[in-house]
Amino acid sequence: MVRAKKAGVLALQGSFEPHARAVSRLGFDPVLVKSPDDLAGLTHLILPGGESTTLHHLLELFGLRETIVARARRGELALFGTCAGAILMGREDGSRPPRFGLLDAELERNAYGRQVDSFRAPLELAGIGGPALDALFIRAPRFSRVGERARVLARLAGEPVLVEQPGLLAATFHPELGLDDRVHARFLGL
């Protein structure tokens, strides 16, 4: 029996509302996750952008981190991390905040500069198709290493910015801040 997909958006901090709107546009009724009870029955969870250290502390404070990581490791919960959410999903690299170690990639925080250095760039999406995606980078992290278990779906100036592996999708940009829902659709198809 195939379980019906049920999507949630971590709603502790960051850009969770635009993610929820994108999920709604794709025909799902998103659950705003604020406690472990909100994870019940979810098959997909978006970890939004925001501030990665703050997000880490809130996940610990509200008792969500261990459950999210355990369910993702068991293949029960697909995860999509954007910006700060992507940082948390990556491999531990000795820097702050502590990482989940789920995604076969390492990410460097604020690699493109400060808030004033934010920018837009067109991205070609491998395996997704369609016209170039207008991507917004805000205090964006950088994939400093991508392992062999992860597949790069988009690059900017040769560097990975969208990476996928079974049950996981991570973006260093903010696809939720536009009206092009192809990246969210890709995630909901995992």
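The values are calculated or read from the model by the stated rules, or taken from the named source; none is laboratory data. Keep in mind that what you see is a predicted model, and the values were worked out from it rather than measured. Cβ placement follows ideal geometry from the backbone for every residue including glycine, while neighbour counts extend to all protein chains displayed. Remember, those area values only see protein heavy atoms, side chains included, never the ligands or the DNA or RNA. Shrake-Rupley method; radii C 1.70, N 1.55, O 1.52, S 1.80 Å.
Taking the chain as a Gaussian network of alpha-carbon nodes connected by springs under 10 Å, the highest mean-square fluctuation of the residues Arg155, Arg74, Arg21 belongs to Arg74. Counting only DSSP beta bridges with both residues in the chain, the antiparallel share comes to about 55 percent. Rg and Dmax over the alpha-carbon atoms of region 75-169 stand at 13.0, 39 Å.
Other residues lying with their Cβ under 10 Å from the Cβ of Leu188 contribute a combined charge of +1, Lys and Arg counting +1, Asp and Glu -1.
Would you mind checking region 121-136 for residues with the amide N under 15 Å from a putative spin-label position 7 Å along Cα→C-beta of Ala185? Counting only backbone N, you get 125-134. For Lys6 and Ala70, a Förster radius of 30 Å and the Cβ-Cβ distance give a FRET efficiency of 0.95, rounded to the nearest 0.05.
Placing a label point 7 Å from the Cα of Glu124 along the Cα-to-Cβ line, the residues of region 146-165 whose backbone N sits under 19 Å from it are 151-164. With an a/c value of 1.5 or above and a/b not larger than b/c for the gyration tensor axes a ≥ b ≥ c computed over the alpha-carbon atoms, region 1-57 is described as oblate. Considering only protein heavy atoms, what is the solvent-accessible area of Thr54 at a probe of 1.4 Å, reported in Å² to the nearest 10? So the heavy atoms of Thr54 present about 60 Å² to solvent. Over the chain, the reciprocal of the mean inverse Cα-Cα separation, the Kirkwood hydrodynamic radius, stands at 16.2 Å.
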